[in-house]
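The values are calculated or read from the model by the stated rules, or taken from the named source; none is laboratory data. This one's a predicted model, so the numbers in the text were calculated from it and none came from an experiment. All Cβ positions, glycine included, derive from the backbone under ideal geometry; neighbour counts span all protein chains shown.
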Amino acid sequence: MALNLSQKQEVVAELAKIAAQAHSLVAAEYAGTTVEQMTAMRKKARESGVFLKVVKNTLAARAVSGTGFEVVKDALTGPLLYAFSLEEPGAAGRLIKEFAKTNDKLKPKVVSMEGKLLPAAHVDVLAALPTREQALAMLARVLAEPAAMLARAIKAVADKQGAGEAPAAAAPAEAEA
C-alpha cells in the first residue's frame, strides 16, 4: 500500500524521534520471513525495549539525517527491517541474533552505534554487551572490591599479630598460677 505525502512525513517524524533517543541500530534483511516469525519478533522487541519497523529505505535515510545514525544512509539497500535499541545498547543486537538462529532468511546488514557504521558481523559484539542489570551488578562488584580487599588485609594483619601474641599472652597467665 502506497503512502501519501502526509503519511510519509508521519513515518519520517516517528523514526527521527526514535533515532534521536536510540542507543544502537541494527538493520537486517528479512525477505522470506514468515508472518508468524515477524509477529514473534515484534512481540519480543516490545518486551525488550526495541523499536522494530519495516520502512522504505528512503524514508529511513531521511529520518536518521541529523542523528548519530546518519552514517548508515549509504548502506541502506534492499528490503530492511530496522531495530532501534531504546533502553540498552545491546538489545537490538540480541533480538536480531536470537531470531537469526532459527531463521536463515533474517540477516544483519547494518550495525550502528555511537555515530559509527560497523560491519554486519558486529551484531555479535553488540549482542554481547551486558544488560543494564548486568552492568549495574558489575559496577557494584567493582565498587565493593576495594573495601573487601581492605577488610581482608586488616583481618590478615590481625590474624598474624594475634598468632604472634597469643603465646606471649598465655605465659603471664601461667606464671600467676
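In region 18-32, the residue that is farthest from the chain's Cα centre (by Cα) out of those that are buried (at least 18 other Cβ atoms within 10 Å of the Cβ) and part of a loop (DSSP other than H, G, I, E, B) is Y30. If you go through region 67-89 and keep only what is surrounded by fewer than 20 Cβ atoms within 10 Å (Cβ to Cβ) and either within 17 Å of H23 (Cβ to Cβ) or within 19 Å of the chain's Cα centre (by Cα) (or both), you end up with G68, E70, V71, L86, E87, P89.
Of the residues in region 111-132, not one is in contact with a strand residue (DSSP E or B) (Cβ under 9 Å, 6 or more places away or on another chain), surrounded by 12 or more Cβ atoms within 10 Å (Cβ to Cβ) and under 24 Å from L3 (Cβ atoms). Just checking, does region 51-60 include any residue being within 20 Å of P130 (Cα to Cα) and either modelled with pLDDT of 95 or more or under 18 Å from the mean Cα position of the chain (by Cα) (or both)? Checked against the condition, which is being within 20 Å of P130 (Cα to Cα) and either modelled with pLDDT of 95 or more or under 18 Å from the mean Cα position of the chain (by Cα) (or both), region 51-60 yields at least one hit.
If the condition is being at pLDDT 85 or above, under 16 Å from the mean Cα position of the chain (by Cα) and not in a helix (DSSP H, G or I), then region 118-171 contributes only L118.
Which residues, taken from region 64-106, are assigned to a loop (DSSP other than H, G, I, E, B) and either within 14 Å of R42 (Cβ to Cβ) or among the hydroxyl-bearing types (S, T, Y) (or both)? Those that are assigned to a loop (DSSP other than H, G, I, E, B) and either within 14 Å of R42 (Cβ to Cβ) or among the hydroxyl-bearing types (S, T, Y) (or both): S65, T67, T77, N103, L106. Residues that are out of contact with any strand residue (DSSP E or B) (no Cβ under 8 Å at 6 or more places or on another chain) and small (G, A, S) within region 38-88 comprise A40, S48, A61, A63, S65, G66, listed in sequence order.
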